[in-house]
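*Asks:* Have a look at this one.
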Amino acid sequence: MKVKICGIRTVEAAQHAVRCGTDALGFVFAESKRQVTAFEAKQIIDALPEHVWKTGVFVNEDAAKIKKIAETAGLTHIQLHGDEVTDDYRSIGLPLIKAISVKSTEDLEKLEFIKADYILLDSPPAEYRGGNGLSFEWDLAKVIEKSDTKVILAGGLDAGNVSKAIAKVNPLMVDVSSGVETNGEKDLAKIKAFINNAKNEREEV
């Protein structure tokens with residue numbers, strides 16, 4: 001089971017997550033309490049090993065601006081968390097993750113029409129597009145069991161429920177942000193527990 005820790009803002013949290021076995025880190029460039037600048041992300045990314053995904057999270061941002069940020073920061077993947085049409089972002093030249101808010105099976109039936117390298121299933125937006133600590137009804141994802149879609153599961157995950165979520169959805173990767181925080185800051189113990197529980201779940205299956 002692959003794991004992504006999103007909303008990274010410090011070298012300490014990033015390196016700790018890597019030591020614990022994370023496969024990907026997320027840097028939020030959209031409006032959010034976890035927002036970072038390209039320069040801030042670069043300082044963290046420069047301290048990370050090559051194999052870890054460095055994912056930039058954007059909401060309805062211009063493709064040319066995303067490409068400039070990606071080059072400055074050293075991003076390896078782009079996550080589109082708004083109403084984007086992915087074809088408009090292929091010029092960036094990096095793998096695309098398209099986030100989908102799941103409220104019903106109808107939302108999941110649209111997946112076959114979305115051209116992206118990965119699909120991120122998230123809960124419906126609240127104050128921000130993602131990172132709200134809310135989950136959707138995981139049983140809805142059963143409609144994609146026979147799909148070839150590379151699914152990343154997000155929305156309300158934490159160390160206590162990630163095993164159940166993996167068992168129900170069987171994603172390629174799980175993505176967490178607020179679920180590994182205490183008082184709005186990344187909690188190193190929670191990061192370790194989340195990664196351990198996610199990795200162990202796949203081994204048990």
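The values are calculated or read from the model by the stated rules, or taken from the named source; none is laboratory data. Every value quoted in this text rests on a predicted model; they were computed, and no experiment measured them. No Cβ is skipped: glycine too gets one built from the backbone with ideal geometry, and neighbour counts run over all protein chains shown.
*Asks:* Just to verify a result, which residue in the range 75-106, among those that are outside any strand (DSSP E or B) and buried (at least 16 other Cβ atoms within 10 Å of the Cβ), is nearest to the chain's Cα centre (by Cα)? I'd like the intermediate steps shown before the answer.
*Replies:* Here is the first cut: in the range 75-106, the ones outside any strand (DSSP E or B) are 75-76, 81-95, 102-106.
Checking which are buried (at least 16 other Cβ atoms within 10 Å of the Cβ) leaves us with 75-76, 81, 84, 89, 92, 94, 102.
Details: L75: 14, T76: 13, H81: 10, E84: 16, Y89: 18, I92: 19, L94: 15, V102: 15 Å.
Selected residue: H81.
*Asks:* Please pick out the residue among A64, A47 that is assigned to a loop (DSSP other than H, G, I, E, B) and either touching a residue at least 12 places away in the same chain (Cβ under 8 Å) or among the small types (G, A, S) (or both).
*Replies:* Only one candidate passes the filter, namely A47.
*Asks:* To continue, here is another question. Within the range 8-44, can you find the residues that are in a loop (DSSP other than H, G, I, E, B), among the small types (G, A, S) and within 20 Å of L96 (Cα to Cα)?
*Replies:* A30
*Asks:* Among the residues of the range 11-36, which ones are in contact with a helix residue (DSSP H, G or I) (Cβ under 7 Å, 6 or more places away or on another chain), surrounded by fewer than 21 Cβ atoms within 10 Å (Cβ to Cβ) and either of a type in the set (A, V, I, L, M) or under 16 Å from G184 (Cα atoms) (or both)?
*Replies:* V11
*Asks:* For the range 105-121, name all the residues that are modelled with pLDDT of 85 or more and among the hydroxyl-bearing types (S, T, Y).
*Replies:* Passing the criteria: only Y118.
*Asks:* What are the residues in the range 160-191 that are in a loop (DSSP other than H, G, I, E, B) and closer than 12 Å to I5 by Cα, if any?
*Replies:* Taking the range 160-191 first, the residues in a loop (DSSP other than H, G, I, E, B) are 160-161, 170-172, 177, 183-184, 187.
Once the filter is applied, which keeps residues that are in a loop (DSSP other than H, G, I, E, B) and closer than 12 Å to I5 by Cα, the range 160-191 yields S177, D187.
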